[in-house]
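Worksheet for the structure shown next.
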Amino acid sequence: MPELANPADLAHVHLLINHFPTIGMILGLGLLLLSFLRKNDHLKKVSLEVLFLIALATMPVYVSGQAAAETLKGQTGVSAEAIIAHNDAALASFIMMEITGFVAWLLLWRMRRIGWPTTGLTYTVLVLSVMTVASVARAANIGGDIRHPEIAGGQYAGLFGQSSGTPLISAAAIKDFVLQHPFVWPTCETLHFLGMSLMFGVLLIVNLRLVGWLRGMSFASVHRLLPFGLMGFGINFITGMFFFIAASEQYTQNVAFHYKVILLILAGVNYLVLTVYDEAWALPASAEAPLSGKLLGASALVLSIGVMYFGRMLPFIGNAF
Amino acid sequence: MVLVGSALMIDLRLLGFGRGIPLSSLERLFRVMWGAFWLNLLTGTMLFIADASKRGTQPLFLIKLTLVASGIATIILLRRRVFDGTKEPLVISGAAKRLAFTSLLVWSAAVTAGRLLAYVG
């Protein structure tokens, strides 16, 4: 299989997209605040969609960052200490980001069912967004110290000269935990497959309904299953992160993983559309979905099977164990 | 994944999640599951042939086969007991719920055993 990108290309990709999370979160939070001011539920929905999309967009940023770190390793004029501090800060903000995206999605899903945003979830999203903006800005700031001699003179000292201190979450500690306990990897693999069954079961039913094969049910009734799908994804995201952190080289330099991440992001966008899709929501039992709905369902099935295919091929096309 | 995923969805529906989904509409899913089962049987047999002397003597492999067989049995039973009539049952009986829960556990155990095969013995 031809290479998509070598580590240097991925380092370039990282530089290209590494501001998306910070700017995107500020934009999402800004829209959310504006929706409060204008008392506009439609705007609120848009802000939640932005937050979800930014959570998706952060995945390639984190992954390519790991490749960038591998490329930079051992080069002069680069602070190894800053790379580690940036990685830890980025991991913490990545986790925050995904939680925010998840809760934003949950609120979108609730809004679809009951018609308006519930107060508890809305304020949870607000608080999480504020925390994520702070966390991601910190990660970005430390990232800037890695190789900007005009700021740090090649010597990492942190912003205003303070040292980074002990990180809340340390990627090195997670790596040690996974690699030093022989039960962790198989346990995570097992959970990864259980999460996959759950997620794919939901995708299968919802999208077969849209395509027209399971037409006996209304779309609203299968919409109820969507949180199970995202729950399965959550399990797979967490266990997948354990694999990635513990053995990042076997993924960053694995073309099957590159395809998997790309398809995963597309599948995530598809899931968002599915959650808020008006034409489908109105579909009663036995009614045929419009062409756009059928295409949406078919693409979701193709994308999710593609994600599973490239996941399974990680050790065969690539070099993962 | 198609087989287990579909089975889990039917089990969840019977356990009370997604009550708006008519049971009769899920009936077509059994066809999907059988198709997936035969495909798995075919490819699984090929993988087994490639590695028969190792797998054939591996206790976990036999456990996995037993679990898959039990999973299939729960599906056949569910289909017979719950999806037999023409009219939609208003409440799912306790026995059907227990069967669905057993099915959920058995399939999860089968996936677990299958995945651990790569790491054990």
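Some notes on this structure:
- Couplings 3J(HN,Hα) of the range A:29-39, computed from phi: 5, x, 5, 5, 4, 4, 5, 5, 4, 8, 6 Hz, in residue order, whole Hz [Karplus 6.51 cos²θ - 1.76 cosθ + 1.60, θ = phi - 60°; x for Gly and Pro].
- Alpha carbon centroid spacing (whole Å) that separates the range A:1-47 from the range A:239-280: 16 Å
- Counting only the Cα atoms, the protein assembly as shown fills a convex hull of 163 Å³ per residue.
- Listed residues B:W107, B:A96, B:V2: farthest to the positive end of the dipole of the range B:2-116 (Cβ charges): B:A96
- Value of relative contact order over the range A:172-321, rounded to a whole percent, pairs C-alpha under 8 Å and six or more apart: 33 percent
- Where a label projected 7 Å from the Cα of A:R113 along Cα→Cβ would reach, residues of the range A:221-245 with amide N under 18 Å: A:221-234
- Residue (of A:L194, A:F177, A:F94) at the positive-pole extreme of the protein assembly as shown, dipole from beta-carbon charges: A:L194
- Alpha-carbon Debye profile of the range A:172-321, log10 I(q)/I(0) at 0.18, 0.20 Å⁻¹: -1.00, -1.15
- ³J(HN,Hα) computed for each position of the range A:306-320 - Karplus, 6.51 cos²θ - 1.76 cosθ + 1.60, integer Hz, glycine/proline x: x, 4, 5, 4, 5, x, 5, 7, 3, x, 9, 6, x, 10, 6
- Candidates B:I21, B:I92, B:I63, ranked by Gaussian network fluctuation over chain B, Cα under 10 Å, top entry: B:I21
- Most mobile of A:P227, A:P60, A:P167 in a GNM of chain A (Cα contacts under 10 Å): A:P167
- Karplus-derived 3J(HN,Hα) values for the range A:70-85, using 6.51 cos²θ - 1.76 cosθ + 1.60 with θ = phi - 60°, are 5, 5, 6, 3, x, 7, 7, x, 10, 8, 4, 5, 5, 4, 5, 4 Hz; glycine and proline are entered as x.
- Per-bin percent of Cα-Cα distances, the range B:2-116 [5 Å]: 2, 11, 21, 23, 16, 11, 8, 5, 3, 1, 0
- The ellipsoid equivalent to the alpha-carbon distribution of the range A:1-169 has semi-axes of 34, 18, 12 angstrom, derived from the gyration tensor eigenvalues as √(5λ) and listed largest first.
- Entry note, chain B: relative contact order of 41 percent, from Cα contacts under 8 Å with a spacing of 6+ residues.
- Calculated mean residue ellipticity, 222 nm, the protein assembly as shown: -25000 deg cm²/dmol, from DSSP H runs (n ≥ 4) at -39500 (n - 2.57) each, averaged per residue and rounded to 500.
- Percentage relative contact order, the range A:1-169, counting C-alpha pairs under 8 Å, at least six apart: 27 percent
- Ordering A:S299, A:S47 from the fewest to the most neighbouring beta carbons within 10 Å gives A:S299, A:S47.
- Enclosed volume per residue, in Å³, of the convex hull spanned by Cα atoms of the range A:216-296: 97 Å³
Every read-out reported here was derived from the displayed coordinates using simple, explicitly stated rules and does not represent laboratory data. Please read these numbers as outputs of a predicted model, since none were measured by experiment. Glycine also receives a Cβ, built like all others from the backbone with ideal geometry; neighbour counts cover every protein chain displayed.
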